[in-house]
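Chemist: Take a look at the following structure, please.
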Amino acid sequence: MDPFSAASPDVSDQPRPDFPEAKQRRTDTDRWWESFPWWMFLVGSLVVVLLALVVFNEDYRAAWSAIFPGIYFTISATFSAFAIATVLGLLAGMGQLSQNVVFKNLARAYIEIIRGIPMIVLIFVVALVVVPDISKALGVPNSVPTFWRAVIALALIYGAYIAEIFRGGIQSVPIGQVEAGRSLGLSKRSTTWSIVLPQAMRSILPPLGNDFIAILKDTSLLSVLGVLELTRNARQFNASTFKIKAGFYTMCFVYLVLVLALSAFMRWFEAKMSPEREGER
Amino acid sequence: MKIVEVRGLTKTFNETIHAVRGVDLSVAQGEVVVIVGPSGCGKSTILRCINLLETPTAGDVWINGVNLVDDETDLDLVRAEVGMVFQQFNLFPHLTVLRNVTLAQMKVRGRTQEKAESVALAQLERVGIPDKANAYPRQLSGGQQQRVAIARALAMDPKVMLFDEPTSALDPEMIKEVLDVMRDLAADGMTMIVVTHEMGFARAAASRVGFVDEGKIVEIGTPAEVFDNPQQERTQLFLNQVLHH
Ligand SMILES: Nc1ncnc2c1ncn2[C@@H]1O[C@H](COP(=O)(O)OP(=O)(O)OP(=O)(O)O)[C@@H](O)[C@H]1O
Ligand SMILES: [Mg+2]
């Protein structure tokens, strides 16, 4: 007999075999040190140690003042690329599910091409060849600023990954929801915006948040374009001072704090976005 | 003029599955037509063709004189006239009960929020759960959810209500509360087409009962005619199976 079934009410009036239940049903709270989030403690300690170094150690302080200005580029590139990638991802994700042959195939081709080429290669190609060529073809007189070339490269790449997130999220909404909406006379568009997407957001938000963080981290790849973001700054600092340890650790510190802050924000945002889960059991 | 007029309705899936094979049906104002038949015989497909959730392979469907199969027809507007209640309720889980009932009123009927809410509360009252307006669907029992789904459809002032096995997903003790609401609706003169296995409801509330087998209406008549004196052998076999088990 399964010892756990003894707790169900329908057998409670039968004589129970004498199981040492109390011991078996010991829960996590009994051994707090097993469930305590030690990882937070470890991560927190690392952050504190690095912070102390940056504040009190001269080399680290020098590294900090050389690297930190790159945060403006890193953060603005992250937000811009994420915003564009989300729009692209929404379009390509819905495009894939569209009945329209043209949209469907364009979306699929875009996703396959991007996913078939390494990220660093795409950054070179898009920022240094595709964007200049297109802007020339469109007759734009001045060349596109490096910031935007870098952002477009990252956005195009992540748009393809985010498209798959949207597609999966939209497909996770049961077809009955669409049928209920349409049978009430709602248009396709209203059904998508008021019924499907809000529900799809449940499964879209967590991986979308992951990609937001991934974009933040991957802005470091943009250093190959020579833009002055955090990584580029750190490498320049290392090259001119030879204080490699201070340079690299300070860079890690800045990224780590940024990523931790962003993931805390995403968790808060996810919780805020699903009020219907309040009564969840 | 009939509220629903179906002529030569045919639906073939993937060119091989003949779900509906030439159905004619006309439903007058205030009639309650109950459709019965064995599993897979095409009952759901017939209903889903009546509001064009499925596009018929052939045939015509008129709602209140408007041909749905005509390309010129604004389907969204006609669908608003046809309420549909599903086996699985299909409430919108991310919206409160009240928003479930007001959403389409505002977007399709163009009602103000105030007007839509007063209609919603009146319909929730009618189905017996006015106090659940601010709950989310997951906080309700199956029977309550199905009654909200009925209220949601009624709030659009439909000309006809379609029910596809509205009690099949419910626990026995909740079936009655939903059937009672449907019986009240029928008594109020609502035009209804109901697919169900609840023969008691069919006998009590139906104007006509249609027996469907292999995509065709094999026999249709008053409950007394079909239940007590079925003309077709297939109807007799089916009724023997469902009534004596
Ligand atoms: N979307 C679809 N694609 C392919 N075949 C389908 C589809 N929908 C229904 N069918 C088939 O059409 C036939 C009729 O199905 P339908 O759902 O209308 O039957 P039903 O009478 O409602 O059955 P049940 O009592 O089980 O609900 C079945 O053989 C079913 O497998
Ligand atoms: Mg069915």
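The values are calculated or read from the model by the stated rules, or taken from the named source; none is laboratory data. These figures come from a predicted structure and were not determined experimentally. No Cβ is skipped: glycine too gets one built from the backbone with ideal geometry, and neighbour counts run over all protein chains shown. The area values use the complete protein model at the heavy-atom level, side chains included, leaving out ligands, DNA and RNA. Shrake-Rupley method; radii C 1.70, N 1.55, O 1.52, S 1.80 Å.
Chemist: The stretch B:58-85 to the stretch B:164-183: how many Å between their Cα centroids?
Modeler: Measuring centre to centre over Cα atoms gives 27 Å.
Chemist: Mind checking which of B:Val212, B:Phe201, B:Ala116 is farthest towards the positive end of the protein assembly as shown's charge dipole, using Cβ charges of +1 (Lys, Arg) and -1 (Asp, Glu) about the Cα centre?
Modeler: B:Ala116
Chemist: Scan around B:Gln29 for amide H atoms under 5 Å from its own, H built in the peptide plane at 1.01 Å from N, and keep only partners 5 or more places away or cross-chain.
Modeler: Sorted by chain and number, the residues that satisfy this are B:Ile3.
Chemist: Using θ = phi - 60° and the Karplus relation 6.51 cos²θ - 1.76 cosθ + 1.60, list the HN-Hα couplings for the stretch A:207-217 in order, rounded to whole Hz, with x at every Gly or Pro.
Modeler: Couplings: x, 5, x, 4, 6, 4, 5, 5, 5, 3, 5 Hz.
Chemist: Is the shape of chain A best called rounded, prolate or oblate, per the rule: a/c under 1.5 gives rounded, else a/b larger than b/c gives prolate, else oblate, with a ≥ b ≥ c the square roots of the Cα gyration tensor eigenvalues?
Modeler: Oblate shape, in that a/c is at least 1.5 and b/c is the bigger or equal ratio.
Chemist: Spelling out what I want: for every residue of the stretch A:164-177, take phi, set θ = phi - 60°, compute 6.51 cos²θ - 1.76 cosθ + 1.60 (Karplus), and round to whole Hz; glycine and proline get x.
Modeler: Values, residue by residue: 5, 5, 5, 4, x, x, 5, 5, 6, 7, x, 4, x, 5 Hz.
Chemist: On average, how much accessible surface per residue is there in the stretch A:76-227, in Å², for a 1.4 Å probe, leaving out ligands, DNA and RNA?
Modeler: Accessible area per residue, the stretch A:76-227: 46 Å².
Chemist: Right, here's the next one. Which far-off residues, 5 or more places away or on another chain, put their amide H under 5 Å from the one on B:Val194, with H placed in the peptide plane?
Modeler: B:Val33, B:Val34, B:Ile35, B:Phe163
Chemist: Please turn the phi angles of the stretch B:180-189 into ³J(HN,Hα) values with the Karplus equation 6.51 cos²θ - 1.76 cosθ + 1.60 (θ = phi - 60°), one per residue in order, whole Hz, x for glycine and proline.
Modeler: Residue by residue, the stretch B:180-189 yields 4, 4, 5, 5, 4, 4, 4, 5, 6, x Hz.
Chemist: Among the lysines, which fall within straight-line cross-link reach of B:Lys132, defined as a Cα-Cα distance under 22 Å, with same-chain neighbours fewer than 8 residues apart omitted?
Modeler: Within the straight-line cut-off, B:Lys132 pairs with B:Lys115, B:Lys176.
Chemist: Give the cross-link partners of B:Lys159 among the aspartates and glutamates, using a straight C-alpha distance below 15 Å as the criterion and excluding same-chain residues fewer than 8 apart.
Modeler: B:Glu5, B:Glu31, B:Asp76, B:Glu81, B:Asp188
Chemist: Tell me, what is the percent relative contact order of chain A, built from C-alpha pairs under 8 Å that lie six or more residues apart?
Modeler: Relative contact order here is 25 percent.
Chemist: Per residue, how much accessible area does chain B show when a 1.4 Å probe rolls over the protein heavy atoms, in square angstrom?
Modeler: Here the per-residue accessible area is 43 Å².
Chemist: Straight-line reach from B:Lys216: which lysines have Cα under 24 Å away, leaving out those fewer than 8 places along the same chain?
Modeler: Partners found: B:Lys2, B:Lys11, B:Lys43.
Chemist: Okay, moving on. Report the relative contact order of the stretch A:76-227, percent, no decimals, based on alpha-carbon pairs under 8 angstrom and at least 6 residues apart.
Modeler: 34
Chemist: Also: Once you mark the GluC sites (Glu not before Pro) that are in a DSSP loop and have at most 11 other Cβ atoms within 10 Å, what is the longest gap between them in chain B?
Modeler: Longest stretch, sites excluded: B:73-245.
Chemist: For chain B, rounded, prolate or oblate, judged on the Cα gyration tensor with a ≥ b ≥ c (square roots of eigenvalues), a/c < 1.5 rounded, else prolate if a/b > b/c?
Modeler: oblate
Chemist: Something else: Rank A:Ala66, A:Ala180, A:Ala107 by mean-square fluctuation in a GNM of chain A with C-alpha springs under 10 angstrom and give only the top-ranked residue.
Modeler: A:Ala180
Chemist: Normalising by the residue count of the stretch B:191-245, find the relative contact order in percent from Cα pairs under 8 Å and 6+ residues apart.
Modeler: With pairs under 8 Å counted, the relative contact order is 24 percent.
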